[in-house]
Amino acid sequence: MDFSFTEEQTSIRQAIREILADLVTDESLKALEKSGSSFHEVAWKALAEAEMLGIAIPEAYGGAAFGFMELCLLLDEVGRTVAPIPALPTLVSAALPIAAFGTDEQKERLLPGVVKGELLLSAAFAQVGHQDPKRPAAKAVRTSSGYALTGEFTNVSVADRAARILVGAEVEGEGIAVFLLDPKASGVKLGAQRGTNGEHLALLTLDGASVDERDVLAGPDRGAAVLGYAIDHTLVGMCALEHGIADGALHMTARYATERKQFGMPIGAFQAVKQRLADAYIDAQAIEVTMLKAAYKLSRGEAAEREVAVAKYWAADAGARVLAAAQHIHGGMGFDRDYPLHRYFLQSKHCEMTLGGASASLARLGSDIAARGLT
């Protein structure tokens, strides 16, 4: 069986890599940080002009009609350059579910703008004091024009700039529904937060927030399935980001080990450094293969609960080890904020904590295996 990428997938990945490598440079990121922004708009617009933001969006709405595998290739390259762009929340967490489950009106209203890079979307999954995003604590009550939502979500990306935020809430006595919330609607409050990676995030507080009927993505009859779809694809998308981060840091470290000399020879010639790099390479490969397996099953519409859990664990656990090795081999340079490696560490840590941490992921996976009798 051939597990290599198709010619089209290889071309997509190469095109994205060239765009981001040219634009997301150390100099541009330093300028962005100095300005106080966490959104590289130049890179986002360049991807839009290259027709890469619509990779998984149907042709009827301006997209290329590829799929989730191709989106993961994009996210991998975003991670490789630690590009501060909202690819995961806009393209995966929100646009993908809208393309799969939205009404014709919702698709026509939102997706063309995403393809052109003119419209941002987001999603709110993490809830304050609540551990399971697939069983939201937020509540929804029917009104004459739609629904009123109450609840609190944390770490919401680009909330202040998003046209809509995908939110799940329980309709009492009926089940879970999924909504496309307008962040400017009455009853919505955004509180400023800052991610481990420096990203501008928001604490989303809903106090009877109004959602019109036309912004209901999925009613209680199928809301749980749609929310699960959005969360699983987001988790695997974050694993793709983590692989790009780890692989980018590993290549940076390998180059450094050939240039940095000690005792008259490159430090990469020492056995201890070689072994550390080899272990990091294996870890990066494990992140990639488990992510691709989960992405492949999701792209085919197959059940992938176990594969998502395994990918999640490896991204959190192995990603942390790769970045620790990178910092260790770099020595003092690995902790210098004027050197680019620190961005990879912070972005990796952000992914690790968002994924739930390795220990928590392994414990949940172990409990699931024991409960199901899986081997």
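Which percent, nearest 5, of DSSP beta bridges in the chain are antiparallel?
Taking every DSSP beta bridge within the chain, about 85 percent pair in antiparallel fashion.
Tell me the relative contact order for the chain as a rounded percent, counting alpha carbon contacts under 8 Å between residues six or more apart. Can you show the working numbers first?
Working: 694 pairs, mean separation 54.2, N = 375.
Over the chain, the number comes to 14 percent.
Against the empirical 2.2 N^0.38 Å (N residues), the stretch 123-221 has a Cα radius of gyration ratio of 1.01. The gain in end-to-end length when the ALA303 to GLU8 segment is fully stretched comes to 103.6 nm, 0.36 nm per residue minus the alpha carbon separation. Label-to-label distance, ALA50 versus ARG161, with points set 7 angstrom from Cα along the beta-carbon direction: 1.9 nm.
Rounded to whole Å, the principal axis extents of the Cα atoms in the stretch 233-312 read 56, 17, 14, largest first. The stretch 224-372 has equivalent-ellipsoid semi-axes of 33, 14, 13 Å, by the square roots of 5 times the alpha carbon gyration tensor eigenvalues, sorted largest first.
Computed from the Cβ-Cβ distance with R0 of 45 Å, the FRET efficiency linking ARG260 to LYS184 stands at 0.30.
Computed 3J(HN,Hα) for the stretch 141-151, one whole-Hz value per residue from the Karplus formula 6.51 cos²θ - 1.76 cosθ + 1.60 where θ = phi - 60°, is 10, 5, 10, 5, 10, x, 9, 10, 10, 9, x, glycine and proline marked x. Take the Cα of HIS251, step 7 Å toward its Cβ, do the same at VAL289, and the gap between the two points is 2.1 nm.
Would you mind pulling out the separation of the Cα centroids of the stretch 273-333 and the stretch 121-185, in Å? Spelled out, the Cα-based centre of one part sits 31 Å from the other. Rg and Dmax of the chain, both derived from C-alpha coordinates alone, stand at 20.8, 78 Å.
Taking Cβ atoms as reference points and 14 Å as the exclusive limit, the residues near VAL273 contribute a net charge of +3, counting Lys and Arg as +1 and Asp and Glu as -1.
Per residue of the chain, the DSSP helices (runs of n ≥ 4 H) give a summed -39500 (n - 2.57) that works out to -17000 deg cm²/dmol at 222 nm. The label-point distance for GLU33 and GLU108, in a model that sets each label 7 Å from Cα toward Cβ, rounds to 4.6 nm.
Just need the relative contact order of the stretch 224-372 here, percent rounded to a whole number, with Cα pairs under 8 Å and 6+ apart. Relative CO of the stretch 224-372 lands at 29 percent. The calculated FRET efficiency for GLN131 paired with ALA192, based on their beta-carbon distance and R0 = 25 Å, is about 0.55.
Mind ordering 267-277, 57-67 by average Cβ neighbours within 10 Å, highest first? Each step should come with its number before you reach the end.
Working: 267-277: 14.8, 57-67: 16.8.
Descending mean neighbour count gives 57-67, 267-277.
In straight-distance terms, cross-link reach from LYS116 covers every one of the aspartates and glutamates whose alpha-carbon lies under 14 Å from its own, apart from those fewer than eight places away in the same chain; here that gives GLU41, GLU49, GLU51, GLU59, GLU108. From the square roots a ≥ b ≥ c of the eigenvalues of the alpha-carbon gyration tensor of the stretch 300-375, which class results: rounded (a/c under 1.5), prolate (a/b over b/c), or oblate? Judged from the Cα gyration tensor, the stretch 300-375 comes out prolate (a/c at least 1.5, a/b above b/c). Ignoring lysines fewer than eight residues from LYS189 along the same chain, the ones with Cα atoms less than 21 angstrom from its Cα are LYS139.
The C-alpha atoms of the stretch 7-118 occupy a region whose extents along the principal axes are 42, 34, 20 Å, arranged from largest to smallest.
Since every read-out is calculated from the coordinates, none of them should be taken as a lab result. What you see is a predicted model, and the numbers here were worked out from it, not measured in a lab. Quick reminder, even Gly has a Cβ in these numbers, built from the backbone with ideal geometry, and neighbours come from all protein chains shown.
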